[in-house]
Amino acid sequence: MSPRAQVYILAALLTVLGAGLTIYKHFALGFPLLPGEYRTVWTIEAKVSFDADGGPVKAALTLPRSQRNMAVLGETFSSSGYGFNIIHQDDEHRAVWSKRHASGRQSLFYQLDVHQTPGAALEQPLDLSTEVVKPLLGAREQEAVRQAIYSLVEAGRARSSDVSTFTSELLLALADTRNQDRNLIFGYYKDRNFVDVALLVLAAADIPAHRIRGLYLEDDRRRLDPEDLLEIYDGKRWVVFEPTSGTPGVPKNFFIWQRGGKSLLDVEGGRNSSVTFSVISNDVPARDVAMLSTSKEKEALVDFSIYSLPIEQQSIFKLILLVPVGALVVVLLRVFVGLRTSGTFMPVLLAIAFIETQLITGLSIFVLILILGLWVRFYLSRLNLLLVARIAAVVITVVILMGAISVVSFKLGIEQALTVTFFPMIILAWTIERMSILWEEDGPYEVVIQAGGSLLVAVLAWWVMTNRYIEHWTFNFPELLLVLLAVVMIIGNYTGYRLGELARFRQLVR
Amino acid sequence: MRLPPFFSGGLVSPFKLRKLGILGMNARNVRYIARYNDRDKYPIVDDKLNTKRAARRYRIPVPDLIAAFETQPTRTRIMQVIEPLQQFVIKPARGSGGKGILVIVGREGDDYLKPSGSKVTALDIQRHVSNIHSGLYSLGGKPDRCMVEALVDFDPVFDKYSFEGVPDIRVIVFRGFPVMAMLRCSTHDSDGKANLHQGAVGVGIDLATGKASHAVQRGLRVDIHPDTKMPFADLEVPGWKDLVNLAASCYEMTGLGYLGCDIVLDRRRGPLLLEANARPGLAIQIANGIGLRTRLEHIESMTLEQLEKNVEERVNYSMDYFAARATL
């Protein structure tokens with residue numbers, strides 16, 4: 001295969017890999033494509049309260065299961081003086097608080113941070129009981145209620161085609177206050193709520209069903225009671241219904257706390273127990289949400305990445321990851337424009353120095369020290385020193401100059417000059433050496449051309465590297481470097497003219 | 001200060017350049033240098049001591065080597081070598097683009113004279129040698145070797161076309177076939193240097209006849225040398241065929257497919273190979289007023305049989321095929 005074809009195939013592979021990983025990270029792990037994106041994180045607090053009898057107390061609260069459209073970012077328990085444990089039992093998670101002696105009003109808190117992600121709330125199939133317990137209505141006085149129930153079932157069945165539509169019809173009928181049968185049933189079951197009655201009628205119709213407890217996520221809601229949804233089994237799968245409207249499907253902002261199974265709260269050794277919820281929403285940077293929601297599962301992509309490094313190293317990497325972008329700028333300007341720079345990647349190093357010092361400060365310090373340094377080097381070269389000793393002397397001079405500039409500017413109140421650090425200094429000393437050779441060999445004109453070219457490229461590279469989008473992408477999607485690599489490889493195959501050559505060869509076109 | 005040519009005079013369409021067969025830098029790098037020049041052959045041309053050794057093996061005449069210093073020499077050793085000489089050249093073995101070459105044409109008391117007439121002290125020479133050894137002029141600053149070469153006794157035929165400097169002839173050789181040639185004449189403007197971008201005159205030489213066909217200074221056509229006022233139309237390189245032969249045989253010597261040979265004319269010895277270049281520049285196109293690409297592509301389209309010609313046959317073919325249209 002020709003080298004050119006290899007380049008294109010390799011570039012295509014790299015692009016697919018890099019872009020694929022990026023897309024995966026964005027859609028599956030929720031990493032934001034644009035900087036400054038915020039996500040809504042709901043903080044749900046469950047407050048368990050009861051009156052303790054004075055003896056041993058044990059309170060068990062069913063905890064929400066992980067669900068598809070909600071990412072649990074963190075949970076906290078506060079329960080002063082209580083022993084705390086989470087038990088896993090029959091596919092259920094329950095928080096258990098316990099204490100040897102407790103009396104008076106007790107309050108226990110469980111707090112949960114969740115983030116809503118798009119997608120279906122429930123997964124099928126689920127190993128839930130499909131057992132149906134028919135209501136016992138044997139007594140004579142119950143005959144009317146029984147009749148009413150079965151007449152509702154019959155009416156619903158007549159107006160529906162399958163289990164799903166039947167349930168809708170039934171729920172609508174139960175919500176209709178003009179319906180005589182319905183009024184009779186609710187009259188009999190005065191102490192039961194709507195969902196209880198609906199479950200009863202569904203059982204009479206031989207449809208497996210249970211309740212789903214949960215919350216509607218709305219900002220700043222306090223002392224909420226859990227709300228119920230109905231879930232029925234249509235022979236193949238579980239279908240959720242909003243009970244009062246009879247519409248299938250989980251409402252969008254509904255957070256499922258408990259699905260089927262046991263009671264929500266069990267308290268031993270206490271009375272008047274209740275669970276209330278409060279909900280508040282926070283806007284949190286999207287990347288933090290993504291990091292939190294993936295750290296639990298230890299996604300390999302995140303775990304084996306720079307995010308696993310300590311924060312300090314991460315900030316260094318943030319800078320290092322920008323180097324390829326700067327390199328791309330140099331490649332573009334050299335291959336497509338034909339700008340002459342001193343050294344291929346010195347402009348990138350200069351740009352990094354500028355990132356540390358800020359552009360204007362960096363530029364003025366660079367030019368100032370370059371001029372002073374060149375002058376010093378010219379003097380040193382007359383002293384017949386060996387080259388290595390002379391370069392060392394230039395480095396020392398540059399350090400002294402930088403120190404002096406820092407002190408003077410600090411006294412003058414310009415604090416930015418203090419940011420000149422180790423890294424720019426070496427680049428400067430090196431540049432001065434190269435420039436002075438250039439001066440001797442090709443004259444000052446060439447020095448101005450090359451230093452100017454280098455500075456121009458450095459400023460452009462700095463401008464690109466400090467772009468907030470570029471910073472965001474290189475740090476959060478380092479796999480995009482593969483795409484960058486592919487781009488550079490393809491540019492390396494470019495055999496067209498450079499912009500500079502359109503001017504250089506213009507006299508050949510007559 | 002002059003503005004660089006980039007900013008004055010506008011741009012031309014890349015399609016026009018393409019149509020005229022002008023070779024661009026990117027195409028040169030990707031299509032010719034990367035494809036036809038093996039990297040392991042570079043040391044032969046990048047190190048002038050290696051070039052000299054190879055040239056001796058292939059009986060290609062070169063300027064005489066007086067001494068070569070492998071390590072940083074002591075002052076006395078340099079002086080021992082230099083003392084009996086009136087004229088000599090000091091160069092770094094791995095310098096590029098003519099960097100670090102010190103030419104001494106005479107002596108005045110304790111001092112040495114450069115072609116421009118300025119004086120150089122013995123101390124300056126020692127410093128220059130020390131700089132060469134430290135790698136000041138070599139690529140990447142690698143420690144370098146220093147060579148002392150005999151000054152070429154230039155054929156006076158170009159005296160009228162050169163000012164304060166050394167004229168040399170650059171021939172581009174592609175797969176053994178000479179494809180284009182130019183003469184570089186230094187001017188007052190170029191400070192005695194033969195670099196076109198520093199203001200030297202580039203004179204395109206017709207491969208068939210050795211006569212000047214076109215001349216350019218700083219991108220503008222000229223008919224006479226700006227300092228000596230001599231018309232280039234009269235310029236003819238003597239012993240042209242020998243010179244082209246020498247250039248073409250550098251192909252066998254270096255094994256490089258795309259090659260620039262710098263040749264000078266010695267009064268007694270004729271053409272001498274000064275150095276070979278694996279990355280020759282593209283200014284030769286401006287000097288000749290024509291593009292290289294069409295010629296290179298013509299040779300690329302040759303059959304294997306055609307490529308297996310010997311030096312003589314290749315030179316004859318090129319002379320026939322690449323004859324120029326004079327514009328002077």
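The values are calculated or read from the model by the stated rules, or taken from the named source; none is laboratory data. As the structure is a computational prediction, the values presented were derived from the model and not from experiment. A quick note on method: Cβ atoms are made from the backbone with ideal geometry, for glycine too, and the neighbour counts reach across all protein chains shown. Only protein heavy atoms, including side chains, enter the accessible area calculation; ligands, DNA and RNA are left aside. Shrake-Rupley method; radii C 1.70, N 1.55, O 1.52, S 1.80 Å.
Regarding segment B:89-108, can at least one residue be identified that is within 20 Å of B:VAL129 (Cβ to Cβ), of a type in the set (A, V, I, L, M), within 13 Å of chain A (Cβ to nearest Cβ) and touching a residue at least 12 places away in the same chain (Cβ under 8 Å)?
yes
Any idea how many residues of segment A:473-510 are part of a helix (DSSP H, G or I), open to solvent by 20 Å² or more (accessible area, probe 1.4 Å) and more than 8 Å from every other protein chain (Cβ to nearest Cβ)?
Within segment A:473-510, residues that are part of a helix (DSSP H, G or I), open to solvent by 20 Å² or more (accessible area, probe 1.4 Å) and more than 8 Å from every other protein chain (Cβ to nearest Cβ) number 11.
For residues that are among the hydroxyl-bearing types (Ser, Thr, Tyr) and touching a strand residue (DSSP E or B) at 6+ places or on another chain (Cβ under 6 Å), scanning just segment B:284-328, find the one that is farthest from B:ILE60 (Cα to Cα).
Restricting to residues being among the hydroxyl-bearing types (Ser, Thr, Tyr) and touching a strand residue (DSSP E or B) at 6+ places or on another chain (Cβ under 6 Å), the top hit is B:THR327.
Would you confirm whether any residue within segment B:217-224 is surrounded by 19 or more Cβ atoms within 10 Å (Cβ to Cβ) and either under 24 Å from B:LEU273 (Cβ atoms) or under 16 Å from the mean Cα position of the chain (by Cα) (or both)?
no
Does A:GLY187 fit the bill of being farther than 30 Å from A:LYS99 by Cα and in a loop (DSSP other than H, G, I, E, B)? So that I can check it myself, show each step before the final result.
Values: farther than 30 Å from A:LYS99 by Cα: yes; in a loop (DSSP other than H, G, I, E, B): no.
So A:GLY187 fails the test.
Within segment A:366-384, can you find the residues that are more than 13 Å from chain B (Cβ to nearest Cβ) and either among the aromatic types (Phe, Trp, Tyr) or within 16 Å of A:VAL395 (Cβ to Cβ) (or both)?
A:PHE366, A:ILE369, A:LEU370, A:LEU372, A:GLY373, A:LEU374, A:TRP375, A:VAL376, A:PHE378, A:TYR379
Strands (runs of 3 or more DSSP E) wholly in segment B:137-211 with at least 1 residues that are open to solvent by 10 Å² or more (accessible area, probe 1.4 Å) and of a type in the set (A, V, I, L, M, F, W, C) - which ones?
Details: elements: B:146-150, B:168-174, B:177-185, B:201-205.
In segment B:137-211, B:146-150 are the strands (runs of 3 or more DSSP E) which contain 1 or more residues that are open to solvent by 10 Å² or more (accessible area, probe 1.4 Å) and of a type in the set (A, V, I, L, M, F, W, C).
Here is a list: B:ASP46, B:ASP111, B:ASP40, B:ASP64. Which entry is more than 9 Å from chain A (Cβ to nearest Cβ), on the phi < 0 side of the Ramachandran plot and over 23 Å from the mean Cα position of the chain (by Cα)?
Only one candidate qualifies: B:ASP111.
Take the conditions more than 14 Å from chain B (Cβ to nearest Cβ), in a helix (DSSP H, G or I), in contact (Cβ under 8 Å) with a residue 24 or more places away in the chain and not polar (S, T, N, Q) and apply them to A:VAL398. Does it pass? Please lay out each step first, then the result.
On the way: more than 14 Å from chain B (Cβ to nearest Cβ): yes; in a helix (DSSP H, G or I): yes; in contact (Cβ under 8 Å) with a residue 24 or more places away in the chain: yes; not polar (S, T, N, Q): yes.
So A:VAL398 passes the test.
Just checking, how many residues over segment B:273-309 are under 11 Å from the mean Cα position of the chain (by Cα) and either assigned to a strand (DSSP E or B) or surrounded by fewer than 20 Cβ atoms within 10 Å (Cβ to Cβ) (or both)?
Qualifying residue count for the region: 6.
Which number in (1) at pLDDT below 85; (2) of a type outside the set (Phe, Trp, Tyr); (3) open to solvent by 50 Å² or more (accessible area, probe 1.4 Å) marks the one condition that A:ASP442 misses?
Answer for A:ASP442: the failing condition is (3).
Among the residues of segment B:19-28, write down those that are more than 8 Å from chain A (Cβ to nearest Cβ) and surrounded by fewer than 24 Cβ atoms within 10 Å (Cβ to Cβ).
B:LYS19, B:GLY21, B:ARG28
Within segment A:51-71, how many residues are assigned to a strand (DSSP E or B), under 21 Å from A:TYR216 (Cα atoms) and touching a Lys or Arg at 6+ places or on another chain (Cβ under 8 Å)?
3
Cβ-Cβ distance below 9 Å, separation of 6 or more or different chains: which pairs start in segment A:262-283 with a residue that is on the phi > 0 side of the Ramachandran plot and end on one that is open to solvent by 20 Å² or more (accessible area, probe 1.4 Å) and not acidic (Asp, Glu)?
Within 9 Å, the pairs are A:GLY269/A:GLY54; A:GLY269/A:GLY55; A:GLY269/A:PRO56; A:GLY269/A:LYS58; A:GLY269/A:LYS99; A:ASN272/A:ARG105.
Checking B:PRO238 against (1) on the phi < 0 side of the Ramachandran plot; (2) buried (at least 20 other Cβ atoms within 10 Å of the Cβ); (3) more than 14 Å from chain A (Cβ to nearest Cβ), which test does it fail?
(2)
Take the residues of segment B:63-108 that are under 20 Å from B:LEU139 (Cβ atoms) and of a type in the set (Ser, Thr, Tyr): which is surrounded by the fewest Cβ atoms within 10 Å (Cβ to Cβ)?
Filtering segment B:63-108 for residues that are under 20 Å from B:LEU139 (Cβ atoms) and of a type in the set (Ser, Thr, Tyr), the one surrounded by the fewest Cβ atoms within 10 Å (Cβ to Cβ) comes out as B:THR71.
For the structure I just gave you, tell me whether A:VAL239 is open to solvent by 10 Å² or more (accessible area, probe 1.4 Å), of a type in the set (Val, Ile, Thr) and closer than 30 Å to A:ASP51 by Cβ.
Considered against the rule, which asks whether it is open to solvent by 10 Å² or more (accessible area, probe 1.4 Å), of a type in the set (Val, Ile, Thr) and closer than 30 Å to A:ASP51 by Cβ, A:VAL239 comes out as no.
Quickly run through segment B:123-136 and pick out the residues that are touching a residue at least 40 places away in the same chain (Cβ under 8 Å) and either in contact with a strand residue (DSSP E or B) (Cβ under 7 Å, 6 or more places away or on another chain) or assigned to a strand (DSSP E or B) (or both).
B:ILE125, B:VAL129, B:ILE132, B:HIS133
Taking A:ASN467 as the residue in question, decide whether it is away from every other protein chain (no Cβ under 14 Å) and either over 30 Å from B:TYR137 (Cβ atoms) or in contact with a strand residue (DSSP E or B) (Cβ under 8 Å, 6 or more places away or on another chain) (or both).
yes
Here's a check for you: in segment A:428-439, which residue that is hydrophobic (A, V, I, L, M, F, W, C) and either open to solvent by less than 40 Å² (accessible area, probe 1.4 Å) or not in a helix (DSSP H, G or I) (or both) is farthest from the other protein chains (Cβ to nearest Cβ)?
Here the answer is A:LEU428.
Does any residue of segment A:317-335 turn out to be surrounded by fewer than 16 Cβ atoms within 10 Å (Cβ to Cβ), within 14 Å of chain B (Cβ to nearest Cβ) and either within 22 Å of A:VAL483 (Cα to Cα) or of a type outside the set (Asp, Glu) (or both)? Steps first, please.
So in segment A:317-335, the residues surrounded by fewer than 16 Cβ atoms within 10 Å (Cβ to Cβ) come out as A:318, A:320.
When the remaining residues are screened for being within 14 Å of chain B (Cβ to nearest Cβ), the result is none.
Within segment A:317-335 (the criterion being surrounded by fewer than 16 Cβ atoms within 10 Å (Cβ to Cβ), within 14 Å of chain B (Cβ to nearest Cβ) and either within 22 Å of A:VAL483 (Cα to Cα) or of a type outside the set (Asp, Glu) (or both)), the answer is no, since none of the residues qualifies.
Regarding segment A:11-19, can at least one residue be identified that is modelled with pLDDT under 85, surrounded by 14 or more Cβ atoms within 10 Å (Cβ to Cβ) and farther than 16 Å from A:VAL284 by Cβ?
no
Out of curiosity, is A:ARG340 part of a helix (DSSP H, G or I) and open to solvent by 30 Å² or more (accessible area, probe 1.4 Å)?
The answer is no for A:ARG340.
I'd like the full set of residues that are open to solvent by 20 Å² or more (accessible area, probe 1.4 Å) and either at pLDDT below 85 or among the acidic types (Asp, Glu) (or both), limited to segment A:105-116.
Matches in segment A:105-116: A:ASP113, A:GLN116.
Restricting to segment B:109-129, and then to whatever is surrounded by 15 or more Cβ atoms within 10 Å (Cβ to Cβ) and basic (Lys, Arg), can you tell me which residue is nearest to A:LEU383 (Cα to Cα)?
Among those that are surrounded by 15 or more Cβ atoms within 10 Å (Cβ to Cβ) and basic (Lys, Arg), it is B:ARG127.
Answer yes if at least one residue in segment A:274-286 is buried (at least 17 other Cβ atoms within 10 Å of the Cβ) and farther than 30 Å from A:GLU37 by Cα, and no otherwise.
Within segment A:274-286 (the criterion being buried (at least 17 other Cβ atoms within 10 Å of the Cβ) and farther than 30 Å from A:GLU37 by Cα), the answer is yes, since at least one residue qualifies.
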